[in-house]
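First the structure, in the form of structure tokens, and then the observations on it.
All of the numbers you see were taken from the coordinates with simple rules; none came from a lab. Source: prediction; values computed, not measured. For neighbour counting, all protein chains shown are included, and Cβ atoms are generated from backbone atoms with ideal geometry for every residue, glycine included.
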Amino acid sequence: MVKELMETFSVTAGALGTLSAFYFYSYAPMQIPVGLMIDRFGAQKLLVFASLLCGIGSLLFATSHQLTIAEIGRFLMGIGSAFGFVSMIYVCSHWFPLKRLALLVGLGNSIGMLGAVGAEGPLVTFVSKFGWRVTVHVLAFVGIALAIMFYLSVRLKPRQHIKQARPRQSVAHLLANLKKICSHPPIYLNAIIALLFYMTTAGFASLWGIPFLAQEYGIKKSLAGYIVSMIFVGWIVGGPLIGIVSDRFKRRKPFLCIGILLTGMSLIPVIYMHDLPLYLLFILLFFVGFFSSAQLLNFSLAVELGPPRAKGTSLALTNLIVASGSSIIQPLLGTLLDMGWDQVMKDGAPLYSTADYRQAMVSFPATLLLAFTLLFFLKVRSAK
């Protein structure tokens, strides 16, 4: 809904990138507080609250006529969504045997990526038919319905699993773990590599890929949406497969290096080669997602680099830094687009040329190259 939002709020790409990033301005810093709250209070009440907040934020966004109100709506969505991944792991670990945890978390990640697939082509079709306001209204009521479902289904831990649950740590102990993690440089370096690796998904797949392909190939946004959604399909397929291979060989860095290199080799032709067959775009962007899913190995490294009693905190810090990067790349690309824009307007929205997009998207191979370089400085060994 990029073009529709620029028309509605009369803004350029830079302002729209900032509007989109307001989600991450709250999502990122909420990661560690969410982990602490889940450990202290459990999942049910927090999930109900989080889903309601997503619904309320979506309603505010859908009814806004001023950019500031829309930004507040996005900010509330980010707070609510911050509970999703951590809560999923919490419920999996407390409701099911621990031997199934890896499988259930993997399934949870794949289901999350299915949501991302739906947010590309199918969402574009819905927006084209009913408008962006109606679409976001529908999504708002989905959030409210989820809150009701969580209230009815996510109760206290089943009795048979209470004994299996690890004792709850005190607030002082949790804060001590956080201090220990924050003073361990390899965890920061690993998180920065994860951030740089994820930039392609955050910037191209989540916001700017659809308008770029629609402009470059003169195709409908709905078709461009389905093409871009192949990145998330690649994540769904690649995440479990790369994880299985990495576990089998008990190595992380080599597969991260290969993943970064092949992501760049798959993406560069999409951005910088002209007149590619559409079927080849589907294939290349599938491989962009497939090889990008190696980024999940950074989270395995976060666990392995962290002290035994602070692995969750290490994960939370890594996720915080990755999410912070998403809040940077979207407005950054918008600003770079505005710098090359020749002030041409169409239907009340700025019209960016293919050259403008290519100039801005040089940031993707640049961040991949930087991630690849930093990997050579990462010492993979457990923290003491």
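Quick look at the values:
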{"read-out": "At least 30 Å along the helix axis (C-alpha) and Kyte average at least 0.5, DSSP helices within the chain", "value": "132-153, 311-340"}
{"read-out": "Cys92, Cys257, Cys54 arranged by Cβ crowding within 10 Å, fewest neighbours leading", "value": "Cys257, Cys92, Cys54"}
{"read-out": "Cβ charges +1 (Lys, Arg) and -1 (Asp, Glu), total dipole of the range 241-318, debye", "value": "480 debye"}
{"read-out": "Max mean-square fluctuation residue, GNM over the chain, Cα-Cα springs under 10 Å, options Ala15, Ala316, Ala294", "value": "Ala15"}
{"read-out": "Calculated FRET value between Asp342 and Glu304, using beta carbons and R₀ = 51 Å, to 0.05", "value": "0.55"}
{"read-out": "Relative exposure of Val228, Val237, judged by other C-beta atoms within 10 Å (fewest first)", "value": "Val237, Val228"}
{"read-out": "Helical contribution to [θ] at 222 nm, DSSP H n ≥ 4, -39,500 (n - 2.57), averaged over the chain, rounded to 500", "value": "-24500 deg cm²/dmol"}
